[in-house]
Amino acid sequence: MTGLTEGLCIGGLRLSNRLISAPMAHNTNLPYRILVRENGCALAYAEMANARSLVHGNPSSRRRLDTEGEPRPHAAQISGAEPEVMAEAARVVEGLGFDTVDLNMGCPEPCYVDLGAGAALMRDVGLVGRVVERVVGAVRIPVTVKIRAGWDQVHRNATEVARAAEAAGAAAVTVHGRTREQFFKGWSDLGVIGEVKASVRVPVVGNGDVRDLESARRMFRETGCDGVSIGRAACGNPWVFRSIQAGLEGAQAAGERPGLDMVLETLSRHFVMLCGHAGERGAVVLMRNYGCWYLKGVPGGRALRDRMSRLACPEDLYSLVAEGMAAAAALEVA
């Protein structure tokens with residue numbers, strides 16, 4: 001691993017820094033990705049798309065891969081367990097202009113695992129190799145893989161799976177330090193990420209529990225990883241990437257969150273973009289969660305969060321923002 005202030009290379013793709021936004025269902029849609037990219041994230045993955053749905057032209061799956069207005073590079077993630085279907089889905093992704101495609105082998109959700117996809121792939125190392133090899137042979141863009149520590153505490157085979165992926169042509173591996181059995185409980189095991197890093201030559205991206213500068217530094221320091229992937233900590237806090245990068249570069253302002261006025265301005269802009277992306281009804285539903293994340297920890301945020309969780313229409317959102325702005329102005333005067 002070289003200096004943390006330098007960019008990261010994944011295959012032929014060079015990133016501006018080492019901070020990546022992890023794909024998250026219902027969260028890493030186009031408006032979210034635009035906001036985190038504006039705030040220092042080097043690469044933001046779209047929501048995971050089902051490979052078979054992509055191949056069959058499912059409108060919902062295609063919508064997840066909308067990139068209009070998003071700065072390059074563009075990153076997609078697909079899931080599935082059939083080598084030829086995954087390869088064809090990767091061709092679709094490449095045809096849509098994406099710069100890299102990730103193969104999900106870490107999702108713990110039963111709806112994927114029961115079909116042999118997601119983290120279930122880690123139980124068949126041979127199939128991992130066949131999937132990666134088939135996809136790599138089908139496209140020209142870098143192919144990466146995301147895995148977990150293993151299926152459970154007894155079967156912690158991340159190193160074996162990473163080696164198989166590398167041998168099949170993967171350009172990088174992201175490791176979430178929890179097992180499938182853990183889902184998102186407990187703590188991410190940095191030791192297993194370090195073991196993977198020591199066992200392969202391709203870049204390794206560490207994932208799990210990175211939420212600020214201190215935890216990012218710890219991930220880099222204790223694992224030797226080449227990049228850090230941030231998920232839930234960036235929901236409602238797109239500034240976390242800029243904050244961490246500033247800290248890695250030695251800026252004294254690292255760790256600072258914007259004031260309530262900036263939070264509300266960004267929240268409002270996010271909502272407007274969501275309306276264009278998902279329609280007003282869809283935007284209201286999504287903002288019930290997004291808005292609560294934005295308002296976590298801000299002065300007077302608790303009362304605003306209570307109202308945000310009950311949003312029924314755009315007017316409710318605009319009224320809430322206006323009242324919050326007035327409260328922010330009052331705090332400034334005080």
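The table for this structure:
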item	result
Residue list for segment 1-34, filter: surrounded by fewer than 20 Cβ atoms within 10 Å (Cβ to Cβ), outside any loop (DSSP other than H, G, I, E, B) and in contact (Cβ under 8 Å) with a residue 12 or more places away in the chain	9, 13
Residue within segment 167-181 that is assigned to a helix (DSSP H, G or I), at pLDDT 95 or above and either more than 17 Å from the chain's Cα centre (by Cα) or under 12 Å from residue 107 (Cα atoms) (or both) present	yes
Criterion (closer than 30 Å to residue 304 by Cα and part of a strand (DSSP E or B)) met by exactly one of 268, 229, 215, 243	229
Checklist (1) free of Cβ contacts under 8 Å to residues at least 60 places away in the same chain; (2) surrounded by fewer than 17 Cβ atoms within 10 Å (Cβ to Cβ); (3) among the aliphatic types (A, V, I, L, M) applied to residue 329, failing item	(1)
Residue in segment 60-99 that is modelled with the lowest pLDDT, counting only those that are crowded, with 20+ Cβ neighbours inside 10 Å and among the hydroxyl-bearing types (Ser, Thr, Tyr)	61
Residues of segment 37-93 classified as part of a helix (DSSP H, G or I), more than 21 Å from residue 114 (Cβ to Cβ) and in contact with a helix residue (DSSP H, G or I) (Cβ under 6 Å, 6 or more places away or on another chain), total	5
Residue in segment 267-279 that is in contact with a helix residue (DSSP H, G or I) (Cβ under 7 Å, 6 or more places away or on another chain) and charged (D, E, K, R) present	no
Unique residue being in contact (Cβ under 8 Å) with a residue 40 or more places away in the chain and among the hydrophobic types (A, V, I, L, M, F, W, C) when the list is 311, 320, 304, 295	295
Test: residue in segment 156-166 that is under 18 Å from the mean Cα position of the chain (by Cα), assigned by TED's automatic domain parsing to the domain that holds residue 14 and not in a helix (DSSP H, G or I)	no
Given (1) on the phi > 0 side of the Ramachandran plot; (2) surrounded by 22 or more Cβ atoms within 10 Å (Cβ to Cβ), number of the condition residue 206 does not satisfy	(1)
Considering residues of segment 35-59 that are surrounded by fewer than 24 Cβ atoms within 10 Å (Cβ to Cβ) and aliphatic (A, V, I, L, M) only, the residue farthest from residue 231 (Cα to Cα)	55
Pairs where the first residue, in segment 98-124, is in the same structural domain as residue 73 (by TED's automatic domain parsing) and part of a helix (DSSP H, G or I) and the second is of a type in the set (S, T, N, Q) and at pLDDT 95 or above, C-beta under 8 Å, 6+ apart	112/79; 112/104; 118/79; 118/104; 122/157
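Conditions tested, residue by residue: (1) modelled with pLDDT under 95; (2) closer than 17 Å to residue 101 by Cβ.
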| position | (1), (2) |
| --- | --- |
| 9 | no, yes |
| 12 | yes, yes |
| 21 | no, yes |
| 27 | yes, no |
| 39 | no, no |
| 43 | no, yes |
| 49 | no, yes |
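The values are calculated or read from the model by the stated rules, or taken from the named source; none is laboratory data. Here the structure is a predicted model, which means the values were calculated and not measured. Heads up, the Cβs are rebuilt from the backbone with ideal geometry, glycines too, and the neighbour counts pull from every protein chain shown.
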